[in-house]
Amino acid sequence: MTTEELQSQAVREIEAAGNLEDLKNIRIKYLGKKGLVQDLMNAMRELPKEEKPAYGQKVNVCKQAIAGALDERQKALSVLELNKRLEEEKIDITLAGDQRTYGTMHPLMMIQQELEDLFIGMGYKVAEGPEVEQDYYNFELANIPKDHPARDMQDTFYIDPNTLLRTHTTAIQMRELEAAHGQLPIKLICPGKVYRRDDDDATHSHQFMQCEGLVVGEHVTLADLKGTLKFMADRMFGEGRQIRFRPSYFPFTEPSVEVDVSCPFCGGKGCSICKGSGWIEILGAGMVHPHVLEMNGFDPAKCSGFAFGVGLERVAMLKYGIDDIRSFYTDDKRFLKNFNRFD
Ligand code: PHE
């Protein structure tokens, strides 16, 4: 085959190539190490000496022409293939997107975090403890010995005679007091789950959440307790709350009080939620019993303390107007959605 013939055959094939892959094969077929152009080159060996230069030149021209045609076609095919891909992979940004649902913060966790924030702001630390607790921390150290009638106040799930599901987070307070080895001051809150053998109904649950607080130092007084709780009530239920103490009894505090907050719904005038009284009971509190301080290695002559305990469900129910405590534990999305801050 002459160089001209090879060239025009190659150009025809190149022009007919429909994609880059075919073109690559054509390039190998003609310009490859064992390609047809190389065959022409090899044929030079057979020629008489004087014809060689002219022949060599012709082969070169042919080779350049094929290479040029290949390059040109390659450019054209690249553009075509790119356009084809752009067309195929086009994204229609006007299509409706996937609906994504977000998880929500559980209302009890929201209350817990609010309390943590406000107490951390006052220099408290947040303490934790085990839910499966020793009788010793839950009762004994809290001034509730085995035969004490106050044990009946909290019906307890026992695992064995010395192990139970904690009935209040006071157990955490006792652990912290003991671990402090008489070092003052102590300033902590302890949020967590607690368990009592109650029949579940709209206002009772065998498992609920508490957040208790404890401050021990020199000259800690009932007035400090009142100021702290007033601050908490204002932050949790809105500025301008009033609080009042009513005498009560807890074995680990003396004196003990029940704390009422002026009704956030009617401002104290009396409504269905506060049952006309203008007050809502929110927590139990008191001055840490001297015997509790003593048992935990503190000298009641040199220090004093206050403690309080609030039920998170109760606060959440008041704050969000929830009337059945069981709503918190059902995992019902329709309930949780009310607290979705992303909607
Ligand atoms: N531990 C008490 C309860 O669970 C609450 C409380 C805590 C009362 C601290 C007084 C002081 O009911």
Fill in the blank from the handout: By my count, helices (runs of 4 or more DSSP H) wholly in segment 25-120 with at least 3 residues that are over 30 Å from GLY213 (Cβ atoms) and more than 60 Å from the chain's Cα centre (by Cα) are 36-43, 52-88
Exercise for the section: Could you tell me which of the residues LYS302, LYS333, LYS319, LYS269 is among the charged types (D, E, K, R) and in contact with a helix residue (DSSP H, G or I) (Cβ under 9 Å, 6 or more places away or on another chain)? Expected result: LYS319
Handout entry: Identity of the residue in segment 299-343, more than 16 Å from the ligand (Cβ to nearest atom) and of a type in the set (Phe, Trp, Tyr), that ends up farthest from THR221 (Cα to Cα)
Key = PHE342
Handout entry: Cβ-Cβ under 7 Å pairs, at least 6 apart or on other chains, segment 323-343 side within 20 Å of THR203 (Cβ to Cβ) and polar (S, T, N, Q), far side surrounded by 13 or more Cβ atoms within 10 Å (Cβ to Cβ) and at pLDDT 85 or above
Key = SER327/PHE335
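From GLU254, GLU258, grab the single residue that is more than 39 Å from the chain's Cα centre (by Cα), surrounded by 15 or more Cβ atoms within 10 Å (Cβ to Cβ) and in a strand (DSSP E or B). Steps first, please.
Details: GLU258 fails: more than 39 Å from the chain's Cα centre (by Cα).
Selected residue: GLU254, the only one of GLU254, GLU258 that is more than 39 Å from the chain's Cα centre (by Cα), surrounded by 15 or more Cβ atoms within 10 Å (Cβ to Cβ) and in a strand (DSSP E or B).
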Exercise for the section: For segment 245-269, name all the residues that are in contact with a strand residue (DSSP E or B) (Cβ under 9 Å, 6 or more places away or on another chain), free of Cβ contacts under 8 Å to residues at least 12 places away in the same chain and more than 13 Å from the ligand (Cβ to nearest atom). Expected result: PHE265
Exercise for the section: Tell me, please, whether a residue that is within 18 Å of VAL132 (Cα to Cα), at pLDDT 95 or above, in contact with a helix residue (DSSP H, G or I) (Cβ under 6 Å, 6 or more places away or on another chain) and of a type in the set (Gly, Ala, Ser) can be found in segment 178-196. Expected result: no
Practice task
Could you look through segment 164-202, keep only residues that are small (Gly, Ala, Ser) and within 14 Å of VAL292 (Cα to Cα), and pick out the one that is nearest to the ligand (Cβ to nearest atom)?
Solution key: ALA171
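Scan GLY297, GLY270 and give me the residue that is closer than 20 Å to ALA180 by Cβ and in a loop (DSSP other than H, G, I, E, B). Full working, then the answer.
Values: GLY270 fails: closer than 20 Å to ALA180 by Cβ.
Being closer than 20 Å to ALA180 by Cβ and in a loop (DSSP other than H, G, I, E, B) holds for just one of GLY297, GLY270, which is GLY297.
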Practice task
Could you check, for segment 206-223, whether at least one of its residues is of a type in the set (D, E, K, R), surrounded by fewer than 22 Cβ atoms within 10 Å (Cβ to Cβ), farther than 22 Å from GLY121 by Cβ and free of Cβ contacts under 8 Å to residues at least 60 places away in the same chain?
Solution key: no
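Which residue is modelled with the lowest pLDDT, if the candidates are limited to segment 81-108 and must be touching a helix residue (DSSP H, G or I) at 6+ places or on another chain (Cβ under 9 Å) and surrounded by 10 or more Cβ atoms within 10 Å (Cβ to Cβ)? Give the derivation first.
Step one: list which residues in segment 81-108 are touching a helix residue (DSSP H, G or I) at 6+ places or on another chain (Cβ under 9 Å), which gives 81, 101, 103-108.
If we keep only those that are surrounded by 10 or more Cβ atoms within 10 Å (Cβ to Cβ) too, we end up with 81, 101, 104-108.
Values: GLU81: 92, THR101: 76, THR104: 82, MET105: 87, HIS106: 92, PRO107: 93, LEU108: 95.
Filtering segment 81-108 for residues that are touching a helix residue (DSSP H, G or I) at 6+ places or on another chain (Cβ under 9 Å) and surrounded by 10 or more Cβ atoms within 10 Å (Cβ to Cβ), the one modelled with the lowest pLDDT comes out as THR101.
Here is a yes/no grid of residues against (1) assigned to a strand (DSSP E or B); (2) among the hydrophobic types (A, V, I, L, M, F, W, C):
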{"residue": "HIS181", "(1), (2)": "no, no"}
{"residue": "LYS187", "(1), (2)": "yes, no"}
{"residue": "ASP200", "(1), (2)": "no, no"}
{"residue": "THR203", "(1), (2)": "no, no"}
{"residue": "LEU214", "(1), (2)": "yes, yes"}
{"residue": "VAL220", "(1), (2)": "no, yes"}
Exercise for the section: Could you run through segment 1-11 and say how many residues are exposed (fewer than 11 other Cβ atoms within 10 Å of the Cβ) and in a helix (DSSP H, G or I)? Expected result: 1
Completion exercise
Screening SER272, SER262, SER248 for residues that are among the polar types (S, T, N, Q) and at pLDDT below 90 leaves only SER272
Completion exercise
(1) outside any loop (DSSP other than H, G, I, E, B); (2) at pLDDT 90 or above all hold for ASN338 apart from (2)
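The values are calculated or read from the model by the stated rules, or taken from the named source; none is laboratory data. Computed from a predicted structure; not experimentally measured. Positions of Cβ are backbone-derived with ideal geometry, glycine not excepted, and every protein chain shown enters the neighbour counts.
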